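Input: a single structure, listed below in structure tokens.
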Amino acid sequence: MDLGAITKHSALHAKPSGLTLQYGTAGFRSKAEHLDHIMFRMGLLAVLRSKQTKSTIGVMVTASHNPEEDNGVKLVDPLGEMLAPSWEEHATCLANAEEQDMQTVLVDISEKEAVDLHQDAFVVIGRDTRPSSEKLSQSVIDGVTILGGQFYDYGLLTTPQLHYMVCCRNTSGQYGKATIEGYCQKLSKAFVELTKQASCSGDESRCIKVDCANGIGALKLKEMERYFSQGLSVQLFNDGTKGKLNHLCGADFVKSHQKPPQGMEVKFNERCCSFDGDADRIVYYYCDADGHFHLIDGDKIATLISSFLKELLLEIGESLNLCVVQTAYANGSSTQYLEEVMKVPVYCTKTGVKHLHHKAQEFDIGVYFEANGHGTALFSKAVEVKIKQLARELEDKKGKAAKMLENIIDLFNQTAGDAISDMLVIEAILALKGLTVQQWDALYTDLPNRQLKVKVADRRVISTTDAERQALTPPGLQEAINDLVKKYKRSRAFVRPSGTEDVVRVYAEADSQESADSLAHEVSLAVFQLAGGIGERPQPSF
């Protein structure tokens, strides 16, 4: 490790004075002009991680659903999974080191992780369509090359596509070919094979409008469309030709504002969905005959997918360990439907897709979706092998069901949530079951809910347990919440500190919107009083 050369090049990517950033679930995110030093240093870290694991490591330059002027970066581990927690800590330490401490921090990481500095390193890089992404990618490359790492720059990719590329390279092509064509072929072949089994036909059931958030998803769907064009007609909106990334459009906007994106007219009987800026989230929606907007979020996506998987498992007579993983934000009606109607076990984890992903890996088949539409289904390697064997051996209905399962396994991008992959799975299931989007939505009715934020002097005064559903501190807060919840029917509420700012997030649900709003407000007041609220006291706003 040529520490002198690193110091010299680091000075060209100097850290702004006083800036401190934390590597979170989504890596680093900030205004693009603050990130040059972060990108250079993550290039360095990716090389060390590659040397330690003797594997290809990925670096994705994106800020997902954030505004266009933001950017960010995250590292992808060898099997396409999120960076290991211990290396998240290294990332934060390296990112915040002052220039004079850079050498010490790099040596410390290398020694702690027993990195063989003579080992070869290979890093693959992808980026989204933000104006700042190309230049920031070059800063990553500078970091990789100064530590002697080799790299391949894929250029414009969705975040899930980079996860896919990393997994392909580290499994010697067993997961798929590490090219865009390989990705398109794998998913589209499985989709076409799966939808051949559908009894219903006609353009009406196979047409979907897609809001691409003026992001990378539009570009990649256009590249892919020719592969499955006979099985699905896709109309693209907010495709990046005009309009800003994630501005008044995209999955996050649609979910939080409960209305269609700008630039797309939603007519009665039309099935629509929205991606986020880097195409790792998806939500569905439609308008009824009266023009009312209906959102189908990650909870209902998980319900549709897990229900279908259970039906196929019953058909082939396999009692595999299938479960759904949710967070505390999952609507209570979805949990009740899964557990009581579908008899599918449900587990709750802390908020953040990495927590859901790790929990889902504990089961034969783990389905997870955050309410925001980020999720996938994970199949253990043993289940993959078994299903593919059954697809070859079984005949009649059982053989057909096993082949469907085999196609679904291939169709899911199991390395991470993937809006394109998820959309194709959903479209295939709707076609196979002959379901309209309205019938899907009617599986259960969401309990009315409300989310609020309370500004506090220090969010760290809030600590939680039981997957963030119970507050441990400050004293008396959980007791106050319990007393408030007793006042309303079918109600629950919880609070959790934000991971990025000094606010406390409040969630409440109840049997009516009025009750949910009232409960959320009362819990907000309790937080303000007991957890050091600052500024104006929370006011009823509904």
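General remarks:
- Candidates Q174, Q185, filtered to the one that is out of contact with any strand residue (DSSP E or B) (no Cβ under 9 Å at 6 or more places or on another chain) and in a loop (DSSP other than H, G, I, E, B): Q174
- The set of residues in the range 262-292 that are surrounded by fewer than 17 Cβ atoms within 10 Å (Cβ to Cβ) and either within 30 Å of V61 (Cα to Cα) or under 24 Å from the mean Cα position of the chain (by Cα) (or both) comprises Q262, G263.
- Scope the range 466-491; condition open to solvent by 60 Å² or more (accessible area, probe 1.4 Å) and either in a helix (DSSP H, G or I) or out of contact with any Asp or Glu (no Cβ under 7 Å at 6 or more places or on another chain) (or both); matching residues: D466, R469, Q470, L472, P475, E479, N482, D483, K486, K487
- Residue in the range 60-73 that is under 25 Å from K112 (Cα atoms), assigned to a helix (DSSP H, G or I) and either touching a Ser or Thr at 6+ places or on another chain (Cβ under 9 Å) or small (G, A, S) (or both) present: no
- Condition check for V527: closer than 9 Å to V454 by Cβ and in a strand (DSSP E or B): no
- Pairs where the first residue, in the range 501-519, is closer than 18 Å to T445 by Cβ and the second is charged (D, E, K, R) and open to solvent by less than 20 Å² (accessible area, probe 1.4 Å), C-beta under 8 Å, 6+ apart: A516/E509
- Test for G399: is it of a type in the set (G, A, S), open to solvent by less than 10 Å² (accessible area, probe 1.4 Å) and touching a residue at least 40 places away in the same chain (Cβ under 8 Å): no
- Qualifying positions in the range 27-55 - crowded, with 24+ Cβ neighbours inside 10 Å and modelled with pLDDT under 95: G27
- Once the range 225-247 is narrowed to residues that are in contact (Cβ under 8 Å) with a residue 60 or more places away in the chain and under 21 Å from the mean Cα position of the chain (by Cα), the residue that is surrounded by the fewest Cβ atoms within 10 Å (Cβ to Cβ) is H247.
- Residue match in the range 70-79 (condition: free of Cβ contacts under 8 Å to residues at least 40 places away in the same chain and in contact with a helix residue (DSSP H, G or I) (Cβ under 8 Å, 6 or more places away or on another chain)): no
- Across the range 114-150, the number of residues qualifying as in contact (Cβ under 8 Å) with a residue 60 or more places away in the chain and in a strand (DSSP E or B) comes to 6.
The values are calculated or read from the model by the stated rules, or taken from the named source; none is laboratory data. Every value quoted in this text rests on a predicted model; they were computed, and no experiment measured them. Counting neighbours? That spans all protein chains shown, and the Cβs are built from the backbone with ideal geometry, glycine included. Side chains included, ligands, DNA and RNA excluded: accessible areas come from the protein's heavy atoms. Shrake-Rupley method; radii C 1.70, N 1.55, O 1.52, S 1.80 Å.
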